[in-house]
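The values are calculated or read from the model by the stated rules, or taken from the named source; none is laboratory data. Small disclaimer: the values here were computed from a predicted structure and weren't measured. Don't worry about glycine lacking a Cβ; one is built from the backbone with ideal geometry, like all the others, and counts go over all protein chains shown.
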Amino acid sequence: MATIFSMIVAGEIPSYKVAENEQFYAFLDINPLAKGHTLVIPKREVDYFFDLTDEEIGAMQIFAKKVAEGIKRAFPCIKVGQAVLGLEVPHAHIHLVPMQSEKDMLFTNPKLKLTPEEFKEIAEKITNEIAYDLTPKSWTD
Ligand code: AMP
């Protein structure tokens with residue numbers, strides 16, 4: 001059975017999309033630690049992050065970098081933190097969280113409750129700040 005994240009990629013269940021290319025998809029975490037909390041996933045369904053190939057991890061990290069740059073421009077913060085947990089959803093993903101302090105990365109923190117309109121606005125704001133074409137040809141630019 002497909003993972004919930006594969007269903008998101010397929011458009012079978014909705015998501016607040018931030019960016020995508022042939023290999024990867026970025027969308028807002030539905031239980032955000034902070035405004036702008038985004039998940040980056042490979043379209044290929046792999047559970048454990050470190051089971052991705054070396055090439056996939058490299059390319060995924062470059063894609064996540066572009067997304068993180070967009071998050072930081074849209075939601076000014078000290079740094080965008082990155083975490084890989086994967087204990088809940090068995091489909092590899094990188095969490096990108098704008099941080100004002102170390103505490104913003106605590107996954108035990110209460111999550112923000114946002115309206116669909118707020119989620120939509122946040123996703124659009126980040127998308128608009130991703131200045132790069134996220135197709136592989138641009139990665140060497
Ligand atoms: P983990 O597997 O522990 O890294 O956590 C999975 C993350 O996916 C959690 O932060 C959830 O809030 C998030 N999540 C689960 N389902 C969805 C969904 N349908 N849309 C967006 N985020 C989701």
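Quick look at the values:
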quantity: So residue 47, is it surrounded by fewer than 20 Cβ atoms within 10 Å (Cβ to Cβ), acidic (Asp, Glu) and assigned to a helix (DSSP H, G or I); calculated: no
quantity: Filter result for the condition that a residue is out of contact with any strand residue (DSSP E or B) (no Cβ under 9 Å at 6 or more places or on another chain) and either within 19 Å of residue 18 (Cβ to Cβ) or more than 16 Å from the ligand (Cβ to nearest atom) (or both), over 115, 38; calculated: 115
quantity: Options 82, 100: the member that is more than 14 Å from residue 18 (Cα to Cα), among the polar types (S, T, N, Q) and surrounded by fewer than 13 Cβ atoms within 10 Å (Cβ to Cβ); calculated: 100
quantity: Boolean, residue 66 is more than 16 Å from the ligand (Cβ to nearest atom), under 11 Å from the mean Cα position of the chain (by Cα) and not β-branched (Val, Ile, Thr); calculated: yes
quantity: Test result for residue 18, surrounded by 20 or more Cβ atoms within 10 Å (Cβ to Cβ), more than 8 Å from the ligand (Cβ to nearest atom) and either at pLDDT 95 or above or over 13 Å from the mean Cα position of the chain (by Cα) (or both); calculated: yes
quantity: The range 33-44, subset over 11 Å from the mean Cα position of the chain (by Cα) and within 20 Å of residue 113 (Cβ to Cβ), residue surrounded by the most Cβ atoms within 10 Å (Cβ to Cβ); calculated: 33
quantity: Failed criterion for residue 114 (all others in (1) in contact with a Gly (Cβ under 9 Å, 6 or more places away or on another chain); (2) assigned to a loop (DSSP other than H, G, I, E, B); (3) closer than 22 Å to residue 129 by Cα hold); calculated: (1)
